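Coordinate-derived values only; no laboratory data. Computed from a predicted model, the values in this text were never measured in an experiment. Counting neighbours? That spans all protein chains shown, and the Cβs are built from the backbone with ideal geometry, glycine included.
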Amino acid sequence: MKRTAMGALIAIVALFGSAMARGLPQQATVAVVNDLGVLVGTGSIHDGTLEIVLSDAADGFVTLQFTDALGHVVRVQALIPQDGSLHIVRSGGAVPARAFAADNALALEVHSRGAVEAQSAPSAPEVFDGSTD
């Protein structure tokens, strides 16, 4: 009986460990916060895609906070250099966010707030002023 219980416990720990190795939930909201605690970006994980929208003020070291529907939180340290790219900070250095997303079986989309606003802004209607020029 003890061997069966021990075997079941080992199997549960192995399954839990492999799930935790992926790290990120597959459905979550994302908050990007700078070192001063200011929200400098938002995003979500849905349909296999990690989408992050960064404000123009997003630079330097930030924390990505992933919150799933049950309120579980995963925090990841990141770096946004002056070129606006996103890198995940790991013990061996920084890796591109695209590689981090791929490690978590996710596609990645990163936008700047200005670019998103420009894409979503409706174009001005053309006004006919009556001239034939």
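With a Förster radius of 30 Å, plug the Cβ-Cβ distance of THR29 and ASP83 into 1/(1 + (r/R0)^6) and report the FRET value to the nearest 0.05.
Details: r = 26 Å, r/R0 = 0.87.
Using R0 = 30 Å, I get an efficiency of 0.70.
For the stretch 25-120, relative contact order (Cα pairs under 8 Å, six or more residues apart, normalised by length) works out to 25 percent. Using only side-chain charges placed at the Cβ, +1 for Lys and Arg and -1 for Asp and Glu, the dipole size of the stretch 25-120 relative to its Cα centre rounds to 220 debye. Fewest neighbouring Cβ atoms within 10 Å first, the residues HIS46, HIS87 line up as HIS46, HIS87. This ranking places LEU54, LEU79, LEU36 by how few other beta-carbon atoms lie within 10 Å of each, fewest first, which gives LEU36, LEU79, LEU54.
What is the order of ASP59, ASP47, fewest Cβ neighbours within 10 Å to most?
Fewest-to-most Cβ neighbours within 10 Å comes out as ASP47, ASP59.
3J(HN,Hα) couplings calculated from phi for the stretch 80-97 with the Karplus curve 6.51 cos²θ - 1.76 cosθ + 1.60 (θ = phi - 60°) are, in sequence order, 10, x, 4, 6, x, 6, 10, 10, 9, 8, 10, 4, x, x, 9, 10, x, 4 Hz; Gly and Pro show x.
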